[in-house]
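Notes follow the structure.
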Amino acid sequence: MIKEVISAELSVGETLMIQKNRIEGADAASHRLAVVTGTHGDELEGQYVAWQLARTLAKKKNALCGTVDIYPALNPLGISTIYRGLPGFDLDMNRIFPGSRDETMYEYIADGIMRDIQGADLCIDIHASNIFLREIPQVRINEKSADVLTPLARLLNMDFIWIHSAATVLESTLAYSLNALHTPTLVVEMGVGMRITKSYGDQLITGILSVMRHLGMLKEPAPPVAPPIVSTDGSVSFVNANESGFFIPQVRHADRVEQGQLLGLIADPMSGGIQERLLSPISGLVFTLREYPVVNEGSLIARILGGSAG
Amino acid sequence: MRKETLFTIDALPYRQPISVYGYYFGTDAKTLAVMGAIRGDEFQQMYTAARLVNRLSHLESQGRLSESCGILVVPCAGQFSMNVSHRFWPLDNTDINRMFPGYEAGETTQRLAARIFEALKGYHWGVHLTSLYLPGDFAPHIRVMDTGLQKNDKGLDFGLPYLVSRDPHPYDTTTLNYNWQVWETNTFSLYTRATDSIDEQSADEAVDSILRFLAKLDMLREHDLPPGTQTQKLDEKNLVTIHNKAAGILLRRRGPGDRISRNETAALIIDPYTSEIREEIRSPSDGVIFFARHAQILPSHTVVFRVIP
């Protein structure tokens, strides 16, 4: 059942409407899972998950207990215009939560989204990095919420759980705002912007069914999930370009690399020269790798997860 | 006046290096630093800083700066965006003014913020000529972020009509203003009427206000500056916000600085197909318009005015 979450009138003859697909099982009021995506208009990995999850749950309707709300597009105008932010507003939608009824249209929309999701047993907020970086399937958790969220994240069938520091600026995200209102919210990052990686989507759907079973929303055995690597900031090393040019990778995404191994080159097509050779600062897993070749000085090239798995 | 290259943006591939310049006046003392445009549409902020460079140059050549006064003006650090008509960093749309204090080993805009901050930090007073995220026109004012780290009342010495204080939000903690204060510079954000258009009168008023501030610090001798106005102190929380309910074409009937009476029409929202009036936006109280949204068309539920009651 498609339901309206919140809407606002656009300037010229159009309505901006946030919608959700509500799937109800037995005892619909007993539990509620919110699966949200499409906050950034250039992140499309969640579109596959929204589509395939709806189809999967339709087949499992007899085993479903409670309600699953799928929000495929929190930023419909961004998706329709291939634009990461909020068209005409110049802000990142994931920096305006919890929203407001007294500021701008998008903050009014954000407020409506918050009110709709608040109170769910769990919210899963699916992101797809950006057009520049490819990510392995992972859950990102603010250290302030780690005690509550890490046990749930372990069920999501993601490869990696990154417990990161509590940057003040992240207090304007959907996940932070919902967690602050005691609606547990997990942020999934996987894949790359403007693309759909079906295998990652299928991996996450298995995880969502697993967590639904844990929440008592699925009356059938939980599908098996792989244990993730759980890590904090201290185990993550960043590799940034120090020169501008074109990135030519010398490793593949999700490879394991040794300290000092060549990760890639910054090439100068004008001269045929090599501007920079980028080496891995530690041994570990390349869980983030640059996808978009053009780099400026400072552009993020890779993140390496070092240390032992656990 | 001494012009120095503060740093150079290596704008490869296929763009030539861009230098960011600082204009130094007086001695090596770190009395006052003024930051102009950081974003690519802050033309008014760049123009205002450029006018300040011009005025300080004349004052310095006439021996009117005190012996203990050292001033830095950075007219623009947003050339890379400005030259391609982007407000933010064109590659990833990040905002340098959300990256302070910066990080020299970080991403591109973090590195640029670090280099700007390196040039600006250590000054006793700091003025940032800046813009709001919402396109609009302001009554000229000094804005202070109330961090508790500085004496905000020094902002009265600019002699602009308003001194507005606001509590910092989480997203403010990465701005130049906030971090300048943390690094012990007494910081004021100065808003003129415009952002992406040049308002010469408003820019000159802003330059006068900065020079007046210097004169109050006894850093300027024998000046013939206009006296400025009696400054009204405001808390941003006490401004009255006026929203539109209907969407359509915006026809503004009042602008910043205008007096308005309760129930008086401040703007109209017009049907974009028939030109019929869809909404008369009326002021809920008597007051003076502090902020007026600058837009041709508006969606519903949006701030159109802020009024000083």
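Tell me the residue from B:G148, B:G126 that is on the phi > 0 side of the Ramachandran plot and not assigned by TED's automatic domain parsing to the domain that holds B:P256, please.
B:G148
Filter segment B:279-303 down to residues that are crowded, with 18+ Cβ neighbours inside 10 Å, under 22 Å from the mean Cα position of the chain (by Cα) and under 22 Å from B:T231 (Cβ atoms) and give me whichever is nearest to the other protein chains (Cβ to nearest Cβ).
B:F291
Within segment A:43-64, is even one residue assigned by TED's automatic domain parsing to the domain that holds A:H182 and closer than 30 Å to B:S275 by Cα?
The answer is no, given that none of the residues of segment A:43-64 is assigned by TED's automatic domain parsing to the domain that holds A:H182 and closer than 30 Å to B:S275 by Cα.
Anything in segment A:121-132 that is assigned to a loop (DSSP other than H, G, I, E, B) and more than 14 Å from every other protein chain (Cβ to nearest Cβ)? List them, or say none.
A:D121, A:A128
Return yes or no: is B:D199 more than 14 Å from chain A (Cβ to nearest Cβ), surrounded by 14 or more Cβ atoms within 10 Å (Cβ to Cβ) and among the acidic types (D, E)?
When the stated conditions are applied, B:D199 passes them.
In segment A:154-195, which residues are among the small types (G, A, S) and either outside the structural domain of A:I136 (by TED's automatic domain parsing) or farther than 17 Å from A:P137 by Cα (or both)?
Listed by number, the residues that qualify are A:S165, A:A166, A:A167, A:S172, A:A175, A:S177, A:A180.
Just for strands (runs of 3 or more DSSP E) wholly inside segment A:206-310: which have at least 2 residues that are of a type in the set (A, V, I, L, M), under 21 Å from the mean Cα position of the chain (by Cα) and farther than 30 Å from A:L64 by Cα?
Filter on segment A:206-310 gives A:284-290, A:300-305.
Do we have any residue at all in segment A:254-274 that's acidic (D, E) and away from chain B (no Cβ under 14 Å)?
The answer is yes; a qualifying residue exists.
Each row is one residue, and each column tells you yes or no for (1) in the same structural domain as B:T173 (by TED's automatic domain parsing); (2) in a helix (DSSP H, G or I); (3) of a type in the set (S, T, N, Q); (4) surrounded by 17 or more Cβ atoms within 10 Å (Cβ to Cβ).
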residue	(1), (2), (3), (4)
B:L56	yes, yes, no, yes
B:S68	yes, no, yes, no
B:V73	yes, no, no, yes
B:S81	yes, yes, yes, yes
B:R87	yes, no, no, yes
B:G102	yes, no, no, yes
B:T109	yes, yes, yes, yes
B:L112	yes, yes, no, yes
B:I116	yes, yes, no, yes
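Quick one: how many residues across segment B:280-309 are in contact (Cβ under 8 Å) with a residue 60 or more places away in the chain, among the aliphatic types (A, V, I, L, M) and not in a loop (DSSP other than H, G, I, E, B)?
Of the residues in that region, 7 qualify.
Determine, yes or no, whether A:L152 is modelled with pLDDT of 95 or more and within 14 Å of the chain's Cα centre (by Cα).
No, not satisfied.
For A:I82, only one of the following conditions fails: (1) β-branched (V, I, T); (2) more than 19 Å from A:G112 (Cβ to Cβ); (3) modelled with pLDDT of 95 or more. What is its number?
That leaves (3) as the condition not met.
Just checking, does segment A:68-76 include any residue being more than 13 Å from the chain's Cα centre (by Cα), farther than 20 Å from A:L122 by Cα and in contact (Cβ under 8 Å) with a residue 60 or more places away in the chain?
Scanning segment A:68-76, I find at least one residue that is more than 13 Å from the chain's Cα centre (by Cα), farther than 20 Å from A:L122 by Cα and in contact (Cβ under 8 Å) with a residue 60 or more places away in the chain, so the answer is yes.
Counting just the residues of segment B:9-30 that are in a strand (DSSP E or B) and modelled with pLDDT under 95, which one comes out surrounded by the fewest Cβ atoms within 10 Å (Cβ to Cβ)?
The qualifying residue surrounded by the fewest Cβ atoms within 10 Å (Cβ to Cβ) is B:I18.
Look through segment B:102-133, keep the residues that are of a type in the set (S, T, Y) and within 27 Å of B:P13 (Cβ to Cβ), and return whichever of them is nearest to the other protein chains (Cβ to nearest Cβ).
Step by step, filter segment B:102-133, then rank; the result is B:T108.
Do any residues in segment B:151-174 that are within 16 Å of B:Q230 (Cα to Cα) and aliphatic (A, V, I, L, M) have Cβ atoms under 7 Å from those of residues that are part of a helix (DSSP H, G or I) and at pLDDT 95 or above, where the two are at least six apart or on different chains, and which pairs are they?
Close Cβ pairs satisfying both conditions: B:L160/B:S209; B:L163/B:G155; B:L163/B:L156.
Can A:D159 be described as surrounded by fewer than 23 Cβ atoms within 10 Å (Cβ to Cβ), within 23 Å of A:S100 (Cα to Cα), touching a residue at least 60 places away in the same chain (Cβ under 8 Å) and of a type outside the set (G, A, S)?
Here the answer is no, as A:D159 does not meet what is asked.
Kindly state which strands (runs of 3 or more DSSP E) lie completely within segment B:178-265 and contain at least 3 residues that are more than 30 Å from A:S11 (Cα to Cα) and within 17 Å of the chain's Cα centre (by Cα).
Hits in segment B:178-265: B:186-191.
Would you be able to say whether some residue in segment A:52-65 is part of a strand (DSSP E or B) and at pLDDT 95 or above?
Yes: segment A:52-65 contains one or more residues that are part of a strand (DSSP E or B) and at pLDDT 95 or above.
Given the criteria within 14 Å of chain A (Cβ to nearest Cβ), closer than 30 Å to A:R84 by Cα and crowded, with 21+ Cβ neighbours inside 10 Å, does B:S189 qualify?
Taking the combined requirement at face value, the residue does not satisfy it.
How many residues does segment A:76-120 hold that are closer than 21 Å to A:H182 by Cα, aliphatic (A, V, I, L, M), in a loop (DSSP other than H, G, I, E, B) and more than 11 Å from chain B (Cβ to nearest Cβ)?
Of the residues in that region, 1 qualify.
Of (1) within 14 Å of another protein chain (Cβ to nearest Cβ); (2) touching an Asp or Glu at 6+ places or on another chain (Cβ under 8 Å); (3) surrounded by 15 or more Cβ atoms within 10 Å (Cβ to Cβ), B:K245 satisfies all except one. Which?
Checking B:K245 against (1) within 14 Å of another protein chain (Cβ to nearest Cβ); (2) touching an Asp or Glu at 6+ places or on another chain (Cβ under 8 Å); (3) surrounded by 15 or more Cβ atoms within 10 Å (Cβ to Cβ), the one that fails is (3).
For residues that are closer than 30 Å to A:S7 by Cβ and surrounded by 24 or more Cβ atoms within 10 Å (Cβ to Cβ), tally how many sit in segment A:128-146.
1
The values are calculated or read from the model by the stated rules, or taken from the named source; none is laboratory data. Note that the coordinates shown come from a computational prediction; the quantities given were computed from them, not determined experimentally. Every residue, glycine as well, gets a Cβ built from its backbone with ideal geometry; the counts of neighbours run over all protein chains shown.
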